[in-house]
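First up is the structure itself, then whatever we jot down about it.
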Amino acid sequence: MAYTANSWLGVKDDSTNGLFEAVVATPSTDFWHIDVMIKGDLVEDDTVFKDPEIIKEVQNKLNDSLKDHPGRIILKGQLVDTHLMVDDPASVIPKFIPHSDYLSFHIEAMDKESPVEEARKLISLIKGGTNYRGQSPRAGIAFNPGTEVEDIKPLLPDLDYVLVMSVVPGKGGQKIQMEESIRKVSGLKDFRTVHDLQFLIEMDGGIKVENSQDLITAGVDILVSGTGIYQAGIDPDLAVQQMKTVYPGKKVNDIVPIASDHSAMQVKKDIGEVILEMGKAYIDMGPPPLKSADFPLYAAKVARLLSKKRYDKGIVSCTTGQGMIETVSRFPGVRAGLILNPYHAKMTVVHNAINCLVIPQMKDLDTPLTRSDVKAILEIHYGSTPPSNPRYIDRVKMVGQVARRY
């Protein structure tokens, strides 16, 4: 899985209105990445984001805009990823906990005599707090190019994510230190595998569409980018989609947007892996790991792309599939089908020309879908031919006609 975090440092207009417009321009992204900089040893300058009030102002502006633009509710599925670049994080963390979904601080800011012990206290402080969603923020450690993975290894079992700085912090638009950064990511990934840990690997600095695939392949889960999105020379939302697309070793035209609720994350992961095995690519439209997530916000992100004809087919998953079907079917041009087995997969294509598969987490009340189930469903679905029988073609047209004004 690969997620994008849009860095507010890359937004030229850092006023409340400017940041709000940047959020509206990129509905496909997963996080707002907010660099909190207070002048000191870690960084040379302050940012306007040193006060959490600006986060609240953008969120309030989003809520106000829903009156005239109700579809923007999908933006509420984007998480707040706060990166503290401050010398004394203990004094700042309590102010940002209420406004953050993910919250990280620098290992370099810890006491030199006992950095691990101090960091553990701050991790506990973060995880013990409550944010605007009524959840505890996810706790992360950030480390600079001059720091090694070995320095944070004792903390990895306690962390939800690790932020690898691939450039000197506090200065946007720098060139990524690619070789060195990938070496560190590989070390983190290997440690995570050997010790069966679940922390995510985030990277910040110099990331753009052209190098994102190398970073995803190396093991980066969250790609932080500002100038690579907002100053890429293309539509910012298209840059987000291209940046977080996972390819099977090469670029392909057949790209599948996928999403789930928080209970079906494993099914979504299996779906992504099977898609790659089939020689296709996928875009994970969320959610990133959360204790609880509102499924309509993520189903809608897939349906929106299908409705706009950005992609031909999408896949969504939740416990039963019912909520996903209700959500995606509200978008013009999206035809969804609940897929319980390979036979369903074939018939929904042949008879109904569906373009959004809804795969439930549960095969029945007691048995979860296995990876082999998912593989069989996708192979049958993508190997089936859309309706050619005039009778079925007419019926698909009728589906769109019967709901019109009588």
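The values are calculated or read from the model by the stated rules, or taken from the named source; none is laboratory data. On a predicted model such as this, the values are computed, not experimentally measured, just so you know. Reconstructed Cβ throughout: ideal geometry from the backbone, glycine too, with neighbour counts over all protein chains shown.
Per-structure values
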read-out	value
So LEU19, is it without any contact (Cβ under 8 Å) to a residue 40 or more places away in the chain, of a type outside the set (Val, Ile, Thr), buried (at least 20 other Cβ atoms within 10 Å of the Cβ) and under 29 Å from ILE201 (Cβ atoms)	yes
Options LEU215, LEU155, LEU200; residue that is free of Cβ contacts under 8 Å to residues at least 60 places away in the same chain and closer than 25 Å to GLU273 by Cα	LEU215
Meets criteria (surrounded by fewer than 22 Cβ atoms within 10 Å (Cβ to Cβ) and part of a helix (DSSP H, G or I)) for ILE73	yes
Members of the range 327-375 that are of a type in the set (Asp, Glu) and either surrounded by 14 or more Cβ atoms within 10 Å (Cβ to Cβ) or over 24 Å from GLN266 (Cα atoms) (or both)	ASP373
Some residue of the range 27-40 being at pLDDT below 95, over 21 Å from VAL240 (Cβ atoms), part of a loop (DSSP other than H, G, I, E, B) and among the hydrophobic types (A, V, I, L, M, F, W, C)	yes
Within the range 27-41, considering residues that are of a type in the set (Val, Ile, Thr) and surrounded by 23 or more Cβ atoms within 10 Å (Cβ to Cβ), the one nearest to MET110 (Cα to Cα)	VAL36
Residue check for GLU108: acidic (Asp, Glu), surrounded by 19 or more Cβ atoms within 10 Å (Cβ to Cβ) and part of a helix (DSSP H, G or I)	yes
